[in-house]
Amino acid sequence: MTIKLFVIGLISLCLMACTNKPLVQSQVIVIKPPVITSCKKMTITDCQPKTNGELYQCALQIIKELALCAAQTEALINWQHAVDQPAQR
């Protein structure tokens, strides 16, 4: 029985040695960062409001731009953590 296993192992070893293909193929995977645009730095004076309604709309626009900037920053931080984690394992 051990002779049969030895012969089978020897034959399979010889067959593997006859191939010129590598047994393991590697592939480079590039992880790109999320798309980030520069944040607008709006102030009340940029809007030049003349009424309370315009002032309110300007404040809403500033809040919207700030939220967008915060979301982009958070996406970049999450991407950095995702890329760094596999290297730590």
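The values are calculated or read from the model by the stated rules, or taken from the named source; none is laboratory data. Please read these numbers as outputs of a predicted model, since none were measured by experiment. Cβ placement follows ideal geometry from the backbone for every residue including glycine, while neighbour counts extend to all protein chains displayed.
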Please verify whether the range 5-20 includes one or more residues that are within 30 Å of residue 73 (Cβ to Cβ) and modelled with pLDDT of 70 or more. no
Please work out if residue 55 is out of contact with any Phe, Trp or Tyr (no Cβ under 7 Å at 6 or more places or on another chain) and either at pLDDT 75 or above or not in a helix (DSSP H, G or I) (or both). yes
Looking only at the range 21-39, count every residue that is surrounded by 10 or more Cβ atoms within 10 Å (Cβ to Cβ) and at pLDDT below 80 and tell me the total. 3
What tally of residues in the range 27-52 results from selecting those that are among the hydroxyl-bearing types (Ser, Thr, Tyr) and in a helix (DSSP H, G or I)? 1
Does the range 31-39 contain at least one residue that is in contact (Cβ under 8 Å) with a residue 12 or more places away in the chain and aliphatic (A, V, I, L, M)? yes
